[in-house]
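The block underneath contains the structure these notes are about, expressed in structure tokens.
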Amino acid sequence: MIFSNYHTHTKYCDGKNTVEEMVLSAIRAGLKRIGLSGHMTLPFPNDWTIREEHLENYLQDITDAQKAYGDQIQIYTGLEIDYFPYLDDISEQSKSILHRLDYYICSLHCVDFFPNSSEMGYYDGDYDNFERVLEELYQRDPKRLVEDYYHRYARMAQKIKPDILGHLDLIKKHNHQYHFFDEESDWYRDLVMETLREIQRSGSILEINTGKIHQFGMAGLYPSLWIVNEVINLKIPITVNGDSHDIDHICDGYNTVARYLKLNGCRKIMVFEKDQWIEMPL
Ligand SMILES: [Zn+2]
Ligand SMILES: [Zn+2]
């Protein structure tokens, strides 16, 4: 069974609830470990990450929750930190806060700034933003967009080697409504396999992210089921995360995912215990 979730968001970024409410929800759901992973402040304006002036409060709220509920659940301090292709790195501000965290997730949300603009294009932004990404940054060549995405993801794994690599195939997000590439095609599968081998070399943990299961069922799982099987074959360490943005989705799909993992030969997942990642039987 799965009793942990290291990918949770609060009101400090784009989540709906407080740190305390998320912790209480995890306790009610029977989880034994929860990690808070607010979106780290970005070096440009946006409306979805923790504001710089709130970072201390965010960290303090987690410390307060540890004092109040630490006898009922292990609570860990994390962040979801962006890798920026234009920097080939995380931000300097992110680096300066790492020593205060138990762990961090590194994710690839940002494509690049639009031409002659300070506005960012995102892999997982709204429809209009994504249209502009395709039009202005990729001249309507979706294959090149997808190729770039995976090359960048592989580079993030290779260079940053974070504790956890976030939502591997996020690039498929807009494919649900707006089919722009074939997830069954050989070139796509080759690209994913190439990326998995780089992840394997990095030693980072890959998350199985259930954040979109409430919308799309198992088709919403990151990564897709066929990729999960390859991850198991390659013995890449995994953990299962909810990418929870409110108290109602604290461990969506956990039972189904646990069953799937076991049926396909996965026997253990990684959990954070005091100050290190250890293997835990599934
Ligand atoms: Zn993310
Ligand atoms: Zn997230």
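Every read-out reported here was derived from the displayed coordinates using simple, explicitly stated rules and does not represent laboratory data. This one's a predicted model, so the numbers in the text were calculated from it and none came from an experiment. As a convention, Cβ positions derive from the backbone with ideal geometry for all residues, glycine included, and neighbour counts pool all protein chains shown.
Annotations
- Qualifying positions in the stretch 1-24 - of a type in the set (S, T, N, Q) and buried (at least 21 other Cβ atoms within 10 Å of the Cβ): Ser4, Asn5, Thr8, Thr10
- Once the stretch 216-262 is narrowed to residues that are within 28 Å of Gly15 (Cα to Cα) and of a type in the set (Asp, Glu), the residue that is surrounded by the most Cβ atoms within 10 Å (Cβ to Cβ) is Asp243.
- Residue pairs meeting the criteria (Cβ under 6 Å; at least 6 apart or on separate chains; first more than 27 Å from Leu87 (Cα to Cα) and assigned to a loop (DSSP other than H, G, I, E, B), in the stretch 27-54; second away from ligand 1 (no atom under 15 Å from the Cβ) and not polar (S, T, N, Q)): Ala29/Ile250; Ala29/Cys251; Leu31/Phe3; Lys32/Phe3
- Candidates are the residues of the stretch 167-182 that are of a type outside the set (Phe, Trp, Tyr) and away from ligand 1 (no atom under 16 Å from the Cβ); the one that is surrounded by the most Cβ atoms within 10 Å (Cβ to Cβ) is Asn175.
- Sole exception among (1) without any contact (Cβ under 8 Å) to a residue 12 or more places away in the chain; (2) over 19 Å from Lys173 (Cα atoms); (3) within 16 Å of ligand 1 (Cβ to nearest atom) for Thr239, by number: (1)
- Answer residue from the stretch 224-247, given it is within 15 Å of ligand 2 (Cβ to nearest atom) and not small (Gly, Ala, Ser) and is farthest from His176 (Cα to Cα) among those: Thr239
- Test for Ser244: is it under 20 Å from Arg189 (Cα atoms) and not charged (D, E, K, R): no
This table checks each residue for (1) more than 15 Å from ligand 2 (Cβ to nearest atom); (2) in contact with a helix residue (DSSP H, G or I) (Cβ under 9 Å, 6 or more places away or on another chain); (3) aromatic (Phe, Trp, Tyr).
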position: Glu207; (1), (2), (3): no, no, no
position: Thr210; (1), (2), (3): no, yes, no
position: Ala219; (1), (2), (3): yes, yes, no
position: His249; (1), (2), (3): no, yes, no
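- Residues of the stretch 118-151 that are buried (at least 20 other Cβ atoms within 10 Å of the Cβ) and under 17 Å from Asp190 (Cα atoms): Leu145, Val146, Tyr149, Tyr150.
- Qualifying residue in the stretch 119-133 (condition: away from ligand 2 (no atom under 16 Å from the Cβ) and in contact with a helix residue (DSSP H, G or I) (Cβ under 6 Å, 6 or more places away or on another chain)): yes
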